[in-house]
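The values are calculated or read from the model by the stated rules, or taken from the named source; none is laboratory data. Given the structure is predicted, the values throughout are model-derived calculations rather than measurements. Cβ placement follows ideal geometry from the backbone for every residue including glycine, while neighbour counts extend to all protein chains displayed.
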Amino acid sequence: MAYEKLLQPGKIGNLEIKNRVVMPAMGCSLAESTGEAGARMIKYYADRARGGVGLIITEITRVDDETGVGTPNQLSVTNTHMVAQLSRLAEAVHAYGTKIFVQLHHPGNQTPSRLIGGRQPVSASDVTCKVIGEQPRALTTEEVEAMVKKFVTGAVIAQKSGIDGVEIHAAHGYLVSQFLSPHTNKRTDKYGGSFEGRMRFITEIIMGIKAYCGPKFPISVRMNGSDYLEDGITEEDGIAQAKYLEALGISCINVSCGTYDSGATIIEPSYFAEGWKKHLGANIRKAVNIPVIAVANIKHPEVAEEFLNDVDFVGIARGHLADPDFVNKAAAGKEKCIRKCLGCMECFRILNDGLPLGCTLNPVLGREFEWGDEKLVKNGAGRTVAVVGGGPAGMEAALTLAKRGFKTILFEAEGKLGGTANLAAIPPNKGMINEFVETMAEQIKEAGVEVRLNTPAGLETLKACGAEAVFLATGGKAARPLIEGIDLAVTAEDVLAGKAEVKGGNIVVAGGGVTGLETAEYLGKDHKVTVVEMLDKIGGNLYPSVTMHLAQEIMKTGGVIAKGKALMSIEEGFVTVKDTHSNEESKIPADTVVLAMGVRSLRPEYEELKKEYGDRLILVGDCDKPGQIYDALHAGRDRAFVYAAV
């Protein structure tokens, strides 16, 4: 067996788990507005159960409707009205032999007042979370006692629904963590002061759950191995807390780390190494005798297998967002077909915008109920459809069409699939994109797509193959604004592809979006780089922690980021920019100017193709509307999904 440890059964308390893979809790905002588990949420979790995971822990599930809302459309266990739908969720997961826990959660000071009806956030003390920026009020002693009962009520509701166990979220700087950490607990009553005082809140929750749900009902505690804050929980504190929790009789410990104030340590962007925090779980496992679940930014099954030398269960979180079949593919020896998380943080950017969960690499995520493979109309009947362009949009369209039963021919003018995704993989910390391209190539091969590389597909070629429809996915080309001296500039794409020479010590990158920032970081090791951005904000739609990291890396090598500066002209040795507020012009030394100012759609032979195919010429990706990999994959999936065969 390739993954002997990963696929070995395990136990949490008396509960049998079919393998050692856990899908930890992740906010998904797929519940109904009432907080019930509706059809969309049930399908989302059922797909992960079908994919082979041993234990699923639900998203943060609120125990308090007044101050405890963490996300819009959040799962709730605040009253018995939730039992009916929660039981259906349990049944759907159990059908695949997977177990399910509900994670009991209260955000404390890490939620904005807009999510809790304008109320002031609450916490252990009046310590403000810097990310939220709203000062909380400290819960009174009586309110803390009442909050204990709300956690216990949530556990009772979960148990009545057929859920296998509960997890108390005592990590990531949320309310229970705020009581445990000296950073946020400044109380002088029985819930503060000493180590035992800080542990009292969670102690009473655990004892209450045991009293009402029985001693054999599994209780997991998700805790921080470290807050990564100067005055927060240290690694030594984490070990001491784990020992204390074990003495209370809990069933397992789920080790994570970080708070909102320590930023990216909770949810790691691409610049964190795989397995970087494995020591936190390993050290706690050495100190206790109950099972330990731990996470460590795991992307590959072979890394997960090795991780199990140190802990009992491995938590693979975003890996199950990118690919719900992670475990089954690993078990079948199809590791290359696993779509592995890029660490791009798009999932969290989408959630922060108040939308249901989404993923760059998985266009079905959050839409399983409407857009899953079971909903594909498989009426292709072997008829031929052509896809022109082998970038992300073209590959996803080809894969979807093949699943529908069409004979799909994918034409790519270059000698390799991937399109501009191959260039996106060149800057630092972007190597996972190469694996994504390889995975897509393997998936379309398995689906039976005929791939013709080094084959530009014009009208005659398409007619000759007998295609009834054409999906045009020819991408775009770098935008060149009509300014004086623009011909002196090179494009970021040509720089990354090695087609353009970067000369001199002073480089100006025009454009502070994702391409501009990543290209500037790439060039910064050998040149002094100035990024010129017309807007007052850089990074476009990038998640803030990613933008911040890129900016720091650019400045670390002596680079400069000039916001609010419009590029006016390019001359030998310098550029002229205009301040968008004062209208003052200034000059910046520039031996080479690199353009990263967006993309314009590229549609070769569009008029001829449109005349021949009419509505059966379907544009996807950048050739339709420029965007990121997320947009390309969603467009490829959706338009191939709804294509009506003639």
Selection from segment 238-252 of residues that are in contact (Cβ under 8 Å) with a residue 12 or more places away in the chain and assigned to a helix (DSSP H, G or I): Gly238, Ile239, Ala240, Gln241, Ala242, Lys243, Tyr244, Leu245, Glu246
State whether the residues of segment 415-423 include one that is buried (at least 24 other Cβ atoms within 10 Å of the Cβ), in the same structural domain as Ala464 (by TED's automatic domain parsing) and polar (S, T, N, Q). no
Can you find even one residue in segment 395-403 that is of a type in the set (Gly, Ala, Ser), assigned by TED's automatic domain parsing to the domain that holds Pro626 and over 32 Å from the mean Cα position of the chain (by Cα)? no
Scan segment 21-34 residue by residue and report those that are in contact with a helix residue (DSSP H, G or I) (Cβ under 7 Å, 6 or more places away or on another chain) and not in a loop (DSSP other than H, G, I, E, B). Val21, Met23
Would segment 622-629 turn up any residue that is assigned to a helix (DSSP H, G or I), β-branched (Val, Ile, Thr) and in contact with a Leu (Cβ under 9 Å, 6 or more places away or on another chain)? yes
Do we have any residue at all in segment 30-49 that's surrounded by fewer than 24 Cβ atoms within 10 Å (Cβ to Cβ), on the phi > 0 side of the Ramachandran plot and without any contact (Cβ under 8 Å) to a residue 60 or more places away in the chain? yes
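Residues are listed down the side, and each one gets a yes or a no for (1) surrounded by fewer than 20 Cβ atoms within 10 Å (Cβ to Cβ); (2) among the β-branched types (Val, Ile, Thr); (3) closer than 19 Å to Lys430 by Cβ:
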| site | (1), (2), (3) |
| --- | --- |
| Val495 | no, yes, yes |
| Gly512 | no, no, yes |
| Thr515 | no, yes, yes |
| Val529 | no, yes, yes |
| Glu533 | no, no, no |
Please work out if Gly539 is surrounded by fewer than 22 Cβ atoms within 10 Å (Cβ to Cβ), closer than 25 Å to Ser586 by Cβ and either of a type in the set (D, E, K, R) or outside the structural domain of Glu412 (by TED's automatic domain parsing) (or both). yes
Within segment 79-93, can one find any residue that is closer than 16 Å to Glu59 by Cα and not in a helix (DSSP H, G or I)? no
Of the candidates Ile618, Ile629, Ile570, the one satisfying the condition of being of a type in the set (A, V, I, L, M, F, W, C), surrounded by 14 or more Cβ atoms within 10 Å (Cβ to Cβ) and closer than 24 Å to Pro427 by Cα is Ile629
Would you mention how many residues in segment 308-352 are of a type in the set (Phe, Trp, Tyr) and either within 21 Å of Val255 (Cα to Cα) or not assigned by TED's automatic domain parsing to the domain that holds Cys252 (or both)? 2
Please identify the pairs in which a residue from segment 481-495 that is within 10 Å of Glu571 (Cα to Cα) has its Cβ atom under 8 Å from the Cβ atom of a residue that is assigned to a loop (DSSP other than H, G, I, E, B), counting only partners at least 6 apart or on another chain. Ile486/Arg480; Leu488/Glu572; Ala489/Arg480
I need the full set of residues from segment 302-317 which are out of contact with any Pro (no Cβ under 9 Å at 6 or more places or on another chain) and either assigned to a loop (DSSP other than H, G, I, E, B) or surrounded by 24 or more Cβ atoms within 10 Å (Cβ to Cβ) (or both), in order please. Ala304, Phe307, Leu308, Asn309, Asp310, Val314
Of the residues in segment 168-178, those that are of a type in the set (A, V, I, L, M, F, W, C) and closer than 17 Å to Glu235 by Cα number 2
Residue check, Ser113 modelled with pLDDT of 95 or more, over 26 Å from Ser161 (Cα atoms) and buried (at least 24 other Cβ atoms within 10 Å of the Cβ): no
So, in segment 7-20, how many residues would count as being touching a strand residue (DSSP E or B) at 6+ places or on another chain (Cβ under 9 Å) and part of a loop (DSSP other than H, G, I, E, B)? 6
Give me the residue from segment 435-461 that is part of a helix (DSSP H, G or I) and in contact with an Asp or Glu (Cβ under 8 Å, 6 or more places away or on another chain) and, out of that set, surrounded by the fewest Cβ atoms within 10 Å (Cβ to Cβ). Leu459
Can you confirm whether His94 is out of contact with any helix residue (DSSP H, G or I) (no Cβ under 6 Å at 6 or more places or on another chain) and under 21 Å from Leu357 (Cβ atoms)? no
Residues Ser262, Ser226: which one is hydroxyl-bearing (Ser, Thr, Tyr), crowded, with 18+ Cβ neighbours inside 10 Å and in a loop (DSSP other than H, G, I, E, B)? Ser226
Restricting segment 362-407 to residues that are farther than 28 Å from His320 by Cα and aliphatic (A, V, I, L, M), the one surrounded by the fewest Cβ atoms within 10 Å (Cβ to Cβ) turns out to be Ala381
Sole miss for Glu268 among (1) more than 24 Å from Thr360 (Cα to Cα); (2) assigned to a loop (DSSP other than H, G, I, E, B) is condition (1)
With criteria (1) outside the structural domain of Val509 (by TED's automatic domain parsing); (2) outside any helix (DSSP H, G or I); (3) more than 19 Å from Glu493 (Cα to Cα), Tyr613 comes up short on (2)
Name every residue in segment 176-191 that is in a loop (DSSP other than H, G, I, E, B) and surrounded by 20 or more Cβ atoms within 10 Å (Cβ to Cβ), in order of residue number. Ser181, His183, Thr184, Asn185, Arg187, Tyr191
Going through segment 35-62 one residue at a time, which ones are more than 18 Å from the chain's Cα centre (by Cα) and either assigned to a helix (DSSP H, G or I) or of a type in the set (Ser, Thr, Tyr) (or both)? Ala39, Arg40, Ile42, Lys43, Ala46, Ala49, Arg50, Thr61
Pick out the one residue from Ile266, Ile233 that is in contact with a His (Cβ under 9 Å, 6 or more places away or on another chain) and farther than 14 Å from Leu180 by Cβ. Ile266
Determine, yes or no, whether Thr439 is in contact (Cβ under 8 Å) with a residue 40 or more places away in the chain and either farther than 18 Å from Arg383 by Cα or under 28 Å from the mean Cα position of the chain (by Cα) (or both). yes
Right, Ala397: at negative phi and in a helix (DSSP H, G or I) or not? yes
Any residue that is of a type in the set (A, V, I, L, M, F, W, C), closer than 27 Å to His549 by Cα and touching a Lys or Arg at 6+ places or on another chain (Cβ under 9 Å) - is there at least one of those in segment 410-425? yes
